[in-house]
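Chemist: The structure under discussion is supplied below as structure tokens; questions concerning it will follow.
The values are calculated or read from the model by the stated rules, or taken from the named source; none is laboratory data. Just so it is clear, the model here is predicted, and its values are computed rather than measured. Here the Cβ positions follow ideal geometry from the backbone for every residue, glycine too, while neighbour counts run over all protein chains shown. For accessibility, only protein heavy atoms count, side chains too; no ligands or nucleic acids. Shrake-Rupley method; radii C 1.70, N 1.55, O 1.52, S 1.80 Å.
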Amino acid sequence: MLLFAVITAVSAFMIPKVKVNYDLADYLPQEYISTKSISFMKSEFGDMPNARVVLRDVSRKEVMDYKTRLEALDGVESVTWLDSVMPASIPEDVLPEGITDVFYKGGNALLILTVNEDKQYQTIPEIYDLIGEDNQLSGNAVTTVVAAENTVSEGIVITIAAILIMLLVLTVTTTSWLEPLVIMFGLIVAVIINTGTNLIFGSVSFLTSATGMLLQIAVALDYSVFLIHRFESCRSGNTDPEEAMAEALTLSSSSIVSSGLTTIIGFLALATMKFLIGKDLGLALSKGVAICLITTLVFMPGVILGTYRLMEKTRHRRLVPSFDKFGRFVLRVTVPLMIVFAVLVIPSYILSERNTFWYGGSHMYGPETREGGDRLKIAKAFGDIDSYVIMVPRGDTAGEIKMIEELREDERITMILSAESFMGLSLPSDVLPESLIGQLQSDDYDRLVLTVAEPPEGDETFELVADICDVADKYYPGSYYLTGSGVINYDLRSVVTSDRQRVNLIAILAVFLILIVTMHSLLFPVILVLVIESAIWFNLSISFVSGSTLFYISFLIISSVQLGATVDYAILFAQRYRENRIVHDIPPKESILKTVSDNTASIMTSALALSIIGFLLAAFSSHGMIAQLGLLLGRGTLCSLFAVLFVLPGLLMTFDRYLIRKGSDTAFQKDAQ
């Protein structure tokens, strides 16, 4: 107990030191072109353009005033506007047609900013203050800063609400007023230790920061519940509390550890993702569940022994009614629902695979938020726009100009800003401003800044990126660099789609193997994994039917999280059914009735906690990816709960003759006894 107190205190001290990373691009593998290009560009030129400002109803003189004030802000490295590509010394008639409309149209001005990534958290709010409510600001830097601010403030609200609601759920499903506080105390200790020890990773992703603590609480909620109830059972036959606790640990450790192990394996499957945000989330969650297991088996026995007398004094009648009538209802409907399940399982899998996706962070915030609303207003004024950067070795002026000319033939590319393109206009180098040359040339490389009339992601965007790569590779095979929001999202799509099947297969096989070892059976694991996987397909098919566009990362993560977090319900139900059939020799229908009656409350407690956390994330998080992951988690947990309570009983009865073999089930019978 003293050791845990010290570890908890040290972990609490470390929590503020754990950095949170809000940039998806940082989790791309290093071998992808956008990742390599970002690192290379920073060393040659500094950061790339990452913000856009639109000024409404302004004269050119007013725009220049705004530009001067923006450039004066600490953290703004450059501001590109019409004067940047059209210095007064350059005749307007030699510039590409339509270049003015890129920056100034209908009395509205578009300025492209490069904000220092190390200073963006102080700079972006200053830009908002400078431009006011009537003008718009958007871009990767804005999304990153807004995500950081909102995730922290919203996370506090969601966590407090989740703890209060889970205390209410525990109060309803337990028989002591103090028991929920004891359970939650142990969980909070485990959460503090896990969150503080995340310092070993250096930083964690915004997804881990926003969901890690809540998922840890939800999936581990029933470990302490199970230990307390087993202790109460052992106390009835043993007056010595310490001996009763030793007996409770002996009887419950196997079930708690096997339950936790399947969850850990489900989360660890995420760590095999090439997209490193999966590794970040998977390692943090699996570490969290492991810490919960250790806390339950090492720390909680002391807490329970210190509080069991108070728990006994605060006993109240069971607030949840008997589930006997519910068990009889399940018996009546389980076979028809099993048939419906069998009919729908393949179509639901097909529909789940046909969802449409966002791969990056361009749609993190909806139109109801300032950032999302500004993005839509900018698109309405100037169309869908994005900035790409190509870097090519210096020295081949003719080749570079030919490449620029070929790129300009693409109508989707509205502007190319480069030193060589100006030289191609037969302008002497001393005509160009030194600041412009510094942005476009280094000692060894030329930088081309492309403005494209495409959104940051989508099929058309990815086609454009592929076409630009083909052109660049034609003139500079293997020696060019290319990056930008569209390019990053193009690479993200390549990474996360390649992760999908591998991660799912690893999670399923790992859980399957654990169930074979723990249940000494082959058919049981097949049925249990099929039931939960089908619930996942049903969950994702609802998104397709409703016409929702999913963040692919949420789509990928929910498959492993829902499997790892809810397969425990199926395991508990199957183990209790097996125990009733083998140990107590109860016929199949009566075994289902008893299993449903005895275990529905336990399963529903855990499922309600997990689904409530999911729906809280969906309701209170303005971050689109976190909110969507919460919705999928809440809905998916209910799908798993429905499948376990209404479909699994029919499958167990149907295959009973193959599942229950009393003569050869001596290992299970010995464990159960």
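Chemist: How many residues does the range 242-301 contain that are aromatic (F, W, Y) and either open to solvent by 10 Å² or more (accessible area, probe 1.4 Å) or assigned to a helix (DSSP H, G or I) (or both)?
Modeler: 2
Chemist: Filter the range 348-364 down to the residues that are assigned to a loop (DSSP other than H, G, I, E, B) and modelled with pLDDT of 85 or more, then identify the one that is most open to solvent (accessible area, probe 1.4 Å).
Modeler: Here is the first cut: in the range 348-364, the residues assigned to a loop (DSSP other than H, G, I, E, B) are 353-355, 359-364.
This time we only want the ones that are modelled with pLDDT of 85 or more, so: 353-355.
Details: E353: 68, R354: 146, N355: 12 Å².
The selected residue is R354.
Chemist: From the list L572, L593, L631, which one is under 25 Å from L515 (Cα atoms), at pLDDT 90 or above and in a helix (DSSP H, G or I)?
Modeler: L593 is the lone residue from the list that is under 25 Å from L515 (Cα atoms), at pLDDT 90 or above and in a helix (DSSP H, G or I).
Chemist: Would you confirm, using the coordinates I've provided, whether G186 is surrounded by fewer than 22 Cβ atoms within 10 Å (Cβ to Cβ), modelled with pLDDT of 90 or more and of a type in the set (G, A, S)?
Modeler: Against the criterion (surrounded by fewer than 22 Cβ atoms within 10 Å (Cβ to Cβ), modelled with pLDDT of 90 or more and of a type in the set (G, A, S)), G186 does not qualify.
Chemist: Regarding the range 467-482, can at least one residue be identified that is in a strand (DSSP E or B), crowded, with 24+ Cβ neighbours inside 10 Å and in contact with a Lys or Arg (Cβ under 9 Å, 6 or more places away or on another chain)?
Modeler: No, there is no match, as no residue in the range 467-482 is in a strand (DSSP E or B), crowded, with 24+ Cβ neighbours inside 10 Å and in contact with a Lys or Arg (Cβ under 9 Å, 6 or more places away or on another chain).
Chemist: Across the range 155-199, what is the number of residues that are in contact (Cβ under 8 Å) with a residue 60 or more places away in the chain, β-branched (V, I, T) and in a loop (DSSP other than H, G, I, E, B)?
Modeler: Final tally of qualifying residues: 1.
Chemist: Out of everything in the range 121-138 that is in a loop (DSSP other than H, G, I, E, B) and not polar (S, T, N, Q), what residue ends up being most open to solvent (accessible area, probe 1.4 Å)?
Modeler: Here the residue is E133.
Chemist: With the requirement that a residue be open to solvent by 10 Å² or more (accessible area, probe 1.4 Å), aromatic (F, W, Y) and touching a Leu at 6+ places or on another chain (Cβ under 7 Å), what does the range 517-558 give you?
Modeler: Hit for the range 517-558 is F544, nothing else.
Chemist: Something else about it: Can you confirm whether L528 is in a helix (DSSP H, G or I) and touching a residue at least 40 places away in the same chain (Cβ under 8 Å)?
Modeler: Judged against the criteria, L528 is a match.
Chemist: Between residues in the range 200-211 that are within 15 Å of K17 (Cα to Cα) and residues that are in a strand (DSSP E or B) and of a type outside the set (V, I, T), which pairs lie under 8 Å by C-beta distance while being six or more apart or on different chains?
Modeler: These pairs meet every condition: G202/K19; S203/K19; S203/N21; V204/K19; V204/N21; S205/N21; F206/N21.
Chemist: Would you point out the residue of the range 392-415, among those that are out of contact with any strand residue (DSSP E or B) (no Cβ under 8 Å at 6 or more places or on another chain), in a helix (DSSP H, G or I) and not acidic (D, E), that is least open to solvent (accessible area, probe 1.4 Å)?
Modeler: G399
Chemist: Another question, then. Give me a count of the residues in the range 150-170 that are over 16 Å from the mean Cα position of the chain (by Cα), of a type in the set (G, A, S) and surrounded by 13 or more Cβ atoms within 10 Å (Cβ to Cβ).
Modeler: Residues that pass the stated criteria total 2.
Chemist: Name, by its number, the condition in (1) touching a residue at least 40 places away in the same chain (Cβ under 8 Å); (2) open to solvent by 80 Å² or more (accessible area, probe 1.4 Å); (3) within 29 Å of S559 (Cα to Cα) that does not hold for P367.
Modeler: (1)
Chemist: If you go through the range 8-31 one residue at a time, how many are part of a loop (DSSP other than H, G, I, E, B), modelled with pLDDT under 90 and open to solvent by less than 40 Å² (accessible area, probe 1.4 Å)? Write out each step before concluding.
Modeler: Kept after step one, since they are part of a loop (DSSP other than H, G, I, E, B), are these residues of the range 8-31: 18, 22-23, 28-31.
Next, only the ones that are modelled with pLDDT under 90 stay: 22-23, 28-31.
The next check asks that each one be open to solvent by less than 40 Å² (accessible area, probe 1.4 Å); those that pass are 22, 28-29.
Residues flagged as part of a loop (DSSP other than H, G, I, E, B), modelled with pLDDT under 90 and open to solvent by less than 40 Å² (accessible area, probe 1.4 Å) within the range 8-31 amount to 3.
Chemist: To continue, here is another question. Where the second residue is in a loop (DSSP other than H, G, I, E, B) and open to solvent by 30 Å² or more (accessible area, probe 1.4 Å) and the first is closer than 28 Å to T144 by Cα and of a type outside the set (F, W, Y) and lies in the range 48-70, which pairs have Cβ atoms under 7 Å and are six or more apart or on separate chains?
Modeler: Listed by first residue and then by second, the contacts come to R56/D134.
Chemist: Restricting to the range 630-653, and then to whatever is in contact with a Gly (Cβ under 8 Å, 6 or more places away or on another chain) and not β-branched (V, I, T), can you tell me which residue is nearest to T143 (Cα to Cα)? Steps first, please.
Modeler: Filtering the range 630-653 for residues in contact with a Gly (Cβ under 8 Å, 6 or more places away or on another chain) gives 630-637.
Filter once more, so that each one left must be not β-branched (V, I, T): 630-636.
Values: G630: 20, L631: 21, L632: 23, L633: 24, G634: 26, R635: 27, G636: 28 Å.
The qualifying residue nearest to T143 (Cα to Cα) is G630.
Chemist: Name the single residue, out of those in the range 48-104 being in a loop (DSSP other than H, G, I, E, B), among the polar types (S, T, N, Q) and at pLDDT 75 or above, that is most open to solvent (accessible area, probe 1.4 Å).
Modeler: Among those residues, the one meeting the criterion is S59.
Chemist: Sticking with this structure for a sec: Can we say A141 is modelled with pLDDT of 90 or more and farther than 30 Å from R230 by Cα?
Modeler: Here the answer is no, as A141 does not meet what is asked.
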